[in-house]
Amino acid sequence: MKPELDERYSRQVLFAGIGQEGQRRLLESNVAIVGCGATGSVLASLLARSGVGRLRIIDRDYVESSNLQRQTLFDEADAAQSLPKAIAACRKIAGFNSQIVVDPHVCDLIPENAEKLLGGVQLILDGTDNFETRYLVNDYAVKNSVPWIYAAAVHSYAITMNIVPGDTACLSCIFPASPGGAIETCDTAGILNSAVNLAASIAAAEAVKMLVGDKQQLRRTLLSYDLWRNERAEVFAGKPRLDCRTCGQREFVYLAGEGRPHITLCGRNSVQIHDRDRPIDLGHMSERLKLHGSVRHNEFVLKFWKEPFEMTLFADGRAIIKGTTDTAVARSLYARYVGS
Ligand SMILES: [Zn+2]
């Protein structure tokens with residue numbers, strides 16, 4: 001190890017569970033973080049500081065002021081610029097660990113790009129806010145035998161589980177169907193930032209165990225912990241289930257994109273239009289939209305205000321339309337102002 005690296009990681013090399021060999025393995029590892037909001041930004045920060053050599057950060061969203069209470073990688077300047085979270089995260093990490101490689105992707109993880117975005121990584125971490133993406137990650141992970149760690153936080157509780165295909169139960173073994181409407185989100189139930197940090201800290205510790213190869217110490221339970229009520233629950237996750245559609249019968253319906261709806265984002269009165277995959281010249285679009293409302297853009301996103309709607313358009317053609325939960329209204333706005 002180079003002398004400056006020796007110094008940087010000295011305190012965790014001293015930790016017996018990691019040591020010189022574990023640190024070398026961390027520096028050689030390649031990890032994807034899907035979603036870089038609250039949980040994702042803590043995961044990214046912890047793993048980048050630990051010296052995970054390559055981090056691929058995938059996020060579809062941009063920074064807003066309501067994120068700053070818990071999304072610890074971001075600041076007011078990021079929110080003022082509506083900077084995509086993947087880009088803002090990459091810049092922040094470069095400021096505290098310039099020796100690792102961060103590969104940001106401003107896009108939505110969908111069946112069509114899952115192989116490309118997740119290919120080549122040895123571990124996938126969950127920083128998403130929705131079950132649809134988690135089932136997609138689970139399909140990819142089981143199909144390709146890549147471990148992943150489910151992690152979520154809402155209200156005052158954290159929940160997490162390690163999924164090692166072939167060895168442990170998968171997400172579908174535990175939740176055969178999406179909890180769907182019954183599940184609360186951070187926008188409907190509110191959230192404690194400490195619950196986010198707890199979920200991400202536990203997941204990051206399990207990630208480090210996997211990356212240094214300490215299989216013995218991996219937790220084999222679905223763990224939840226409520227920080228407000230001081231309640232802890234653990235359910236033994238068990239082995240892959242023969243009757244599980246995903247890992248038992250190997251039917252990867254999410255990866256096949258069956259029945260994929262147009263996503264309504266996390267309770268924010270907004271709809272994402274994501275089935276257009278075409279590059280958009282944001283400068284050119286900005287000139288066009290000026291005639292219809294107020295517009296602002298940078299190299300990554302364009303914001304267009306047309307009362308009562310606010311449209312955020314990304315360079316890959318994706319859009320998030322605020323002010324409605326009606327996909328038909330969102331589609332028609334998109335068609336009218338961006339094109340069909
Ligand atoms: Zn399963």
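Note on segment 101-154: the C-alpha convex hull projects to 4.1 nm² when averaged across all orientations. By the compact-protein rule of thumb, 2.2 N^0.38 Å, the alpha-carbon radius of gyration of the chain corresponds to a ratio of 1.00. Computed from Cα atoms, the angle from the helix 85-96 axis to the main principal axis of the chain rounds to 50 degrees.
Of all the stretches in the chain, which is the longest one without any exposed loop site, taking chymotrypsin sites (Phe, Trp or Tyr not before Pro) in a DSSP loop (any state but H, G, I, E, B) with at most 16 other Cβ atoms within 10 Å? Spell out each step's value before the answer.
On the way: sites that count: Phe15, Trp228.
Longest gap between qualifying sites, sites excluded: 16-227.
With +1 on each Lys and Arg Cβ and -1 on each Asp and Glu Cβ, and nothing else charged, work out how big the dipole of the chain is about its Cα centre, in Debye to the nearest 20. All intermediate terms of the calculation are to be shown ahead of the outcome.
Details: 39 positive and 39 negative charges, 47 e Å.
Result for the chain is approximately 220 debye, rounded to the nearest 20.
When its C-alpha radius of gyration is set against 2.2 N^0.38 Å (N residues), segment 127-237 gives a value of 1.04. Using only Cα atoms, tell me the angle between helix 327-337 and the longest principal axis of the chain; keep it within 0 to 90° and round to the nearest 10. Approximately 60 degrees, to the nearest 10. Charge dipole of segment 29-89 (Cα centre as origin; +1 on each Lys and Arg Cβ, -1 on each Asp and Glu Cβ, all else neutral): 340 debye, rounded to the nearest 20. Within the listed set Ser224, Ser270, Ser286, the Gaussian network model of the chain (springs between alpha-carbon atoms below 10 Å) gives the highest mean-square fluctuation for Ser286. For the chain, lysine pairs separated by 8 or more sequence positions, or belonging to different chains, with Cα-Cα distances below 21 Å total 13. Helix 193-212 and the longest principal axis of the Cα set of the chain meet at an angle near 50°.
When the Cα positions of Ile33, Val101, Ala86 are compared along the charge dipole of segment 1-132, Val101 comes out farthest toward the positive end, with charges on each C-beta of Lys, Arg, Asp and Glu. Net charge dipole, segment 29-131: roughly 380 debye, given to the nearest 20, about the Cα centre with Cβ charges of +1 for Lys and Arg and -1 for Asp and Glu. Whole-Hz Karplus values for segment 298-305 come out as 10, 6, 10, 9, 10, 10, 10, 9 Hz, taken residue by residue from phi with 6.51 cos²θ - 1.76 cosθ + 1.60 and θ = phi - 60°; glycine and proline positions read x.
With Kirkwood's inverse mean 1/r over C-alpha pairs for Rh, give me the Rg to Rh ratio of segment 202-259, two decimals please.
On the way: Rg = 15.7 Å, Rh = 14.3 Å.
Ratio value, two decimals: 1.10.
Cα-based values for segment 1-144, radius of gyration first and Dmax second, are 15.6, 44 Å.
Measuring between their Cα centroids, segment 25-73 and segment 128-176 lie 17 Å from each other.
Quick note: the coordinates plus some simple rules give every number you see, no bench work behind them. Quick caveat: nothing in here was measured; it's all calculated off a predicted structure. Backbone-built Cβ (ideal geometry, glycine too); neighbour counts: all protein chains shown.
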